[in-house]
Amino acid sequence: MKVIKADVLGFCFGVRRAVAMIETELEKNGPLCTLGAIVHNTHVVESLTEKGGRLIHDLNEVRPNEAVAITAHGAGDEVYSAIRDRGLRIVDTTCPIVRRAQQTAEKLVKEGYFVIVYGEAEHPEVKGILSWTAGKGVATQTPEVEIPEGTTGIAVIAQTTKNPQQFAQFAEMATREFAGKVTEIRIVNTTCPETGRRYQAGSELAKRVDVILVVGSRSSANTRKLAETCSATGVPTYHIESASEIKEEWFDGCDVCGVTAGASTPDEVIENVVNRLNSERGE
Ligand code: SF4
């Protein structure tokens, strides 16, 4: 069986940057904890833990000598204030594209819009973006959403990992839903081109293979969406976290297997998958 990797896969620049910032910080300045997983990938979290980073979920868990890292997903204004109030040092690894989405939300609210974020309300990135709307926003996956009485203008933005085509469809549905209810509707595309490139490369790969493996944590929103995108092409698609999950029966009668990976999947995890496929099923 031939194994082909997608043209674009694995770590995006935002994740590479966040991991490098933490590694440098641990090496040069010592104790550090991250408020939430630095990215949604267990291998990355474990590797940083081995280097001395500590994962916490609440600021009450911070030790007095530690710096606090904000993850690539970003955080709300209140989190920055709470860290500063405790006199702790912040290592801000927020991805610049997530930061742009936060700034966009903040600016739109200042311009008088109520902001609708197309995204998963419980995802840390979405919670962070929403906090920059100071209560004048909502996160939703469907356009039928309550807006405060007296709202004259809405703005529609997206969780950065949303597929741009799906965002366009959502924006169209939201426009239909709110036409006649408000006088102004603004659409700002805050999706990340990095994830879009992975979805595109995954769809193209699907045309050339009999089966696709999508590598990455199940908690990673962009990896899940990448798997959905590949699966939507009709090619049998399996989302795995590591090479150990590969099952022989997936490849019966397959000549070509495609491999792709989410933006938070490290190179070595992808290589382990490719090596396993080549050593056990390679031509
Ligand atoms: S996927 Fe995009 S938004 Fe998310 S960390 Fe990577 S570059 Fe940043």
Here is a list of conditions, (1) within 14 Å of the ligand (Cβ to nearest atom); (2) assigned by TED's automatic domain parsing to the domain that holds residue 160; (3) not hydrophobic (A, V, I, L, M, F, W, C), and residue 107 meets all of them except one; can you say which number that is?
(1)
Pull up the range 3-49, narrow it to residues that are at pLDDT 95 or above and among the basic types (Lys, Arg), then point me to the one that is farthest from residue 125 (Cα to Cα).
5
Does the range 218-239 hold any residues that are of a type outside the set (S, T, N, Q) and without any contact (Cβ under 8 Å) to a residue 60 or more places away in the chain, and which are they?
218, 224, 226, 227, 228, 230, 232, 234, 235, 236, 238, 239
In the range 266-283, anything in contact (Cβ under 8 Å) with a residue 40 or more places away in the chain, out of contact with any helix residue (DSSP H, G or I) (no Cβ under 7 Å at 6 or more places or on another chain) and either outside any helix (DSSP H, G or I) or within 30 Å of residue 97 (Cβ to Cβ) (or both) is listed as 267, 268, 270, 274, 282, 283
For the range 151-171, indicate whether the set of residues that are modelled with pLDDT under 95, within 16 Å of the ligand (Cβ to nearest atom), part of a helix (DSSP H, G or I) and at negative phi is non-empty.
yes
Please pick out the residue among 112, 135 that is surrounded by fewer than 14 Cβ atoms within 10 Å (Cβ to Cβ), on the phi > 0 side of the Ramachandran plot and without any contact (Cβ under 8 Å) to a residue 40 or more places away in the chain.
135
Residue ID - farthest from residue 38 (Cα to Cα), chosen from residues in the range 256-265 that are part of a strand (DSSP E or B) and within 16 Å of the ligand (Cβ to nearest atom)
260
Please enumerate the residues belonging to the range 239-255 that are in a loop (DSSP other than H, G, I, E, B), within 23 Å of residue 43 (Cβ to Cβ) and among the small types (Gly, Ala, Ser).
242
Restrict the check to the range 189-197 and report whether at least one residue is small (Gly, Ala, Ser), surrounded by fewer than 17 Cβ atoms within 10 Å (Cβ to Cβ) and out of contact with any strand residue (DSSP E or B) (no Cβ under 8 Å at 6 or more places or on another chain).
no
Could you please give the count of residues in the range 194-217 that are touching a residue at least 40 places away in the same chain (Cβ under 8 Å), assigned to a helix (DSSP H, G or I), within 16 Å of the ligand (Cβ to nearest atom) and of a type outside the set (Asp, Glu)?
6
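The values are calculated or read from the model by the stated rules, or taken from the named source; none is laboratory data. Small disclaimer: the values here were computed from a predicted structure and weren't measured. Don't worry about glycine lacking a Cβ; one is built from the backbone with ideal geometry, like all the others, and counts go over all protein chains shown.
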